[in-house]
Amino acid sequence: MSAMEGTVLLVSVREMGMSDRASFLKEAEMRSLLSTLELQVVYALSFTVREKNNQFYIGKGQAETVKEAVLAYSPDEVVIDTSISPRQESHLEKLFEVPVSDREAVILSIFFQNARSREARLQIEKAEAEYLRPRLADREANLSQQRGGVRGAKGEGERRIELQRRRIDERIRALASAIQESSEVRNIQRQARMKAGLFSFALVGYTNAGKSTILNALTDADVLAEDKLFATLDTVTRSLKLPNGQKVLLSDTVGFISDLPAGLVKAFSSTLEEALSADALIIVADASHPDAAGCFRNTKETLESLNAYHKAKILVINKTDSIYDDISYSYLKSQDFIIVEASMKEGIGRKELLDAMCKATDEAYEDIEVTESASSDIISRLSADASIRTIEYSDDTVTVKARIRKNISPKYTGKPQPSSPGWK
Ligand SMILES: Nc1nc2c(ncn2[C@@H]2O[C@H](COP(=O)(O)OP(=O)(O)OP(=O)(O)O)[C@@H](O)[C@H]2O)c(=O)[nH]1
Ligand SMILES: [Mg+2]
């Protein structure tokens, strides 16, 4: 699947009851996924599936129609825009005599193509091996039928596949332990950052919304931002100083998409977890997307399933230079967040976003005043945890005014803080 190239015959599947608009949007999204892979769609067919066919998923007659189109257009492969079982895939391949990929395989290929860091590579390799494993088993079943022979004696091919399957299992185990190791390293780094007490924000949202563009606009991160889906697969964190002098952390991470394959969610869960451990989330929405409202709802559901939606504080409505439709736009504006309208590519909304971030951090900080003996090391202790505003000496005492995270202040004031949900 990582070697997808060339031309594609696209089969869109319309489930019963799906509206024209929903099926148009679904096909448009699949086309952007394919163009991210630089695959050219030579022909497209769309079918309504009334009842899933065990053998082919689509109906037998529909499969015959695809076969005719395959003969007429000779694509390098057929992409079917839904999730099909390994067995259905293998039946379709046998009928069409070209490789068949489903939506999960397409997204896996994009992740595979875009994975740059060692950790992203490990995660995607594991997801790919897990995707392939049942497909091997299925080929084995086909082979048994063909070569089972007398009393089901094992054929040569079948034995070879068993061996391959064992190798895949070993590979999955090795990858899992390598991922575990690198996620432990990241955890240590994360704990060090948390200890530093810096307030952290994570940029989240649908793929291609402009998260990396925002990280670049606010810091000197210089991460890749391009008009491709899933350009970012790694969490990148940078620090920046807000207009109120507060130093904070900002992370960029992998984007969401509707029906993200479960295998990929699992594969990237440790990367996502890191981003979602931030103190506050900045949801980025793309106003130029034909289904901006749907993408926002998907982001909301994804965050809810990861138990992180309550952390969202700011909604950046990006790409307001090319708003697609006013209904989605008004829907986004009506959300209950600090709203920033932006065209980040041109730097519009940059200042408003920084101000919104100040506002979001305000809730988590407080001003304290500590008086200690002039000979104490209070200044050096406090400067590690807080921004010092003023220092006043009188006789043998020193009074320091400082701005500090609410969760750290009890260390100096002795007052326990009421905990509020969503804030560390
Ligand atoms: N028209 C317009 N395009 C923008 C704006 N901001 C970003 N873009 C473009 O949108 C595309 C995607 O931007 P990225 O920053 O890579 O988006 P992302 O959310 O990081 O995407 P992934 O990492 O792929 O999930 C790029 O081609 C950007 O140049 C904007 O304000 N207006
Ligand atoms: Mg990105």
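A few remarks follow.
- Remark: spin-label model distance Ala176-Lys94 equals 3.2 nm, labels positioned 7 Å along the Cα→Cβ axis.
- DSSP beta bridges confined to segment 7-112 are antiparallel in about 5 percent of cases.
- Over segment 279-325, the alpha carbon radius of gyration divided by the compact-protein estimate 2.2 N^0.38 Å works out to 1.18.
- Subtracting the Cα-Cα distance of Lys60 and Ser373 from 0.36 nm times their residue separation leaves 104.1 nm of extension gain.
- Two-decimal log10 I(q)/I(0) for segment 198-362, as the Debye equation yields it once each C-alpha is a single scatterer, q = 0.12 Å⁻¹: -0.45
- Rounded to 10°, Cα long-axis angle of helix 156-195 versus longest principal axis of the chain: 10 degrees
- Sorted peptide list for 391-402, 30-41, criterion being average Cβ within 10 angstrom, highest first: 30-41, 391-402
- Shape call, segment 266-424: gyration tensor on alpha carbons, a/c limit 1.5: prolate
- Using θ = phi - 60° and Karplus 6.51 cos²θ - 1.76 cosθ + 1.60, couplings along segment 281-292 (whole Hz; Gly, Pro as x): 10, 10, 7, 10, 10, 10, 6, 8, 6, x, 10, 4
- Share, in percent, of DSSP beta bridges within segment 200-282 that are antiparallel, nearest 5: 45 percent
- DSSP bridge analysis restricted to the chain gives an antiparallel fraction near 40%, rounded to the nearest 5.
- The chain - percent relative contact order, Cα under 8 Å, separation 6 or more: 11 percent
- Normalising the average separation of contacting C-alpha pairs (under 8 angstrom, six or more residues apart) by the number of residues puts the relative contact order of segment 365-413 at 48 percent.
- Fewest-first sequence of His91, His289 by Cβ atoms within 10 Å of each Cβ: His91, His289
- Net charge contributed by nearby residues that have their C-beta within less than 11 Å of Lys359 (K/R +1, D/E -1): -3
- q = 0.14 Å⁻¹: log10 I(q)/I(0) that the Debye formula gives for the chain, counting C-alpha atoms only: -1.28
- Each of the peptides 336-347, 367-378, 248-259, 67-78 was scored by the mean count of other Cβ atoms within 10 Å over its residues; in descending order, highest first, they stand as 248-259, 336-347, 67-78, 367-378.
- Footprinting exposure proxy for Glu366, Glu274 (fewest neighbouring C-beta atoms within 10 Å first): Glu366, Glu274
- Shape of segment 7-112, Cα gyration tensor, a/c cut at 1.5: rounded
- Going from the fewest other Cβ atoms within 10 Å to the most, the residues Glu162, Glu125 appear in the order Glu162, Glu125.
- Ranked by how many other beta carbons lie within 10 Å on average, peptides 237-244, 225-232 from highest: 225-232, 237-244
Where a number appears in this text, it was derived from the coordinates with a stated rule and is not lab data. Just so you know, these numbers come straight off a predicted model, no measurement behind them. All Cβ positions, glycine included, derive from the backbone under ideal geometry; neighbour counts span all protein chains shown.
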